[in-house]
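The next block holds one structure in the form of structure tokens; read it before the comments.
The values are calculated or read from the model by the stated rules, or taken from the named source; none is laboratory data. None of these values were measured; they are calculated from a predicted model. So basically every Cβ, Gly included, is an ideal-geometry build from the backbone, and we count neighbours across all protein chains shown.
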Amino acid sequence: MASTPPTEEAFLREVDDELRREQIQKMWKRYGVIAAVVIGLLLAGLAGFLFWRSQTAKQSEAQSETLSAAIADIQARRITDAGKKVETLIATGRPGYRVAALFTKAALAADKGDAKGAAAIYARIAADEDVAPPYRDIATIRQTLIEYDGLAPEQLIDRLKPITIEGNAFFGTAGELTAIALLRSNRPAEARSLLAAVARDPKAPASLRARAERLATSLGADLNAKPADKD
């Protein structure tokens with residue numbers, strides 16, 4: 001029995017299917033290798049990220065242990081051993097551990113009477129823009145405390161000016177030091193106003209606030225008066 005000739009619709013469908021197969025083959029030849037490479041890179045990137053995260057966690061854990069061991073050495077007065085661990089963290093530690101190690105190194109220097117060396121380390125931390133602002137502020141205050149007797153009043157005031165701002169976490173300490181420098185500069189009115197602000201600062205330690213209150217009162221400050229609004 002002779003086969004029935006295909007209808008026009010069936011013929012068009014066959015042609016359409018053949019064209020699609022050709023298009024898919026051409027697309028694979030043209031883009032298949034690229035797609036395979038892209039997928040491979042994505043998988044490699046994912047694997048790399050997972051490996052990096054794992055290694056970072058291991059490094060952080062190891063550096064935490066090193067810092068803890070250094071602190072234990074200090075408590076046991078094994079200063080040489082502590083110093084070696086601190087130097088390792090400064091050279092290879094992640095940012096947080098490196099800063100902690102620098103603070104520890106400065107404290108060790110001050111403990112053995114090397115005030116100049118300790119101040120230099122604190123100055124290094126304070127000048128490092130990659131360090132978080134609160135740590136830079138602490139470093140500035142510690143450097144200033146070490147160098148206090150050798151600083152001219154205006155030097156001290158200028159150095160602490162960025163910290164002597166109400167609302168700053170270390171306003172109390174910076175404000176007290178600045179107020180004393182203002183008194184040394186024969187600027188009692190400014191010192192009185194600043195000490196009154198420190199006495200009212202809820203973030204300042206109670207002992208510091210009490211001391212500031214006594215000094216402000218001795219300079220004629222009325223701490224019960226409402227502070228003037230600032231423009």
Run ALA123 past the list (1) modelled with pLDDT under 95; (2) part of a helix (DSSP H, G or I) and report the number of the one that doesn't hold.
(1)
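Residues are listed down the side, and each one gets a yes or a no for (1) hydrophobic (A, V, I, L, M, F, W, C); (2) modelled with pLDDT under 90; (3) in a helix (DSSP H, G or I):
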site	(1), (2), (3)
GLU166	no, no, no
LEU183	yes, no, yes
ALA221	yes, yes, no
LYS226	no, yes, no
Options ALA82, ALA91, ALA118: the member that is surrounded by 19 or more Cβ atoms within 10 Å (Cβ to Cβ) and at pLDDT below 90:
ALA82
Test THR217 against the criterion of being of a type outside the set (A, V, I, L, M, F, W, C), modelled with pLDDT under 95, assigned to a helix (DSSP H, G or I) and within 23 Å of TYR122 (Cβ to Cβ), and give yes or no.
no
Could you run through the stretch 91-100 and say how many residues are closer than 15 Å to ALA62 by Cβ and among the aliphatic types (A, V, I, L, M)?
2
Breaking point among (1) closer than 15 Å to VAL131 by Cα; (2) over 24 Å from the mean Cα position of the chain (by Cα); (3) small (Gly, Ala, Ser), for ALA101
(2)
Yes or no: ASP158 in a helix (DSSP H, G or I), surrounded by fewer than 14 Cβ atoms within 10 Å (Cβ to Cβ) and modelled with pLDDT of 95 or more?
yes
Scan the stretch 96-116 for residues that are among the charged types (D, E, K, R), part of a helix (DSSP H, G or I) and out of contact with any Gly (no Cβ under 8 Å at 6 or more places or on another chain) and report the count.
3
The condition from (1) surrounded by 15 or more Cβ atoms within 10 Å (Cβ to Cβ); (2) modelled with pLDDT of 80 or more that ARG77 misses is numbered (1)
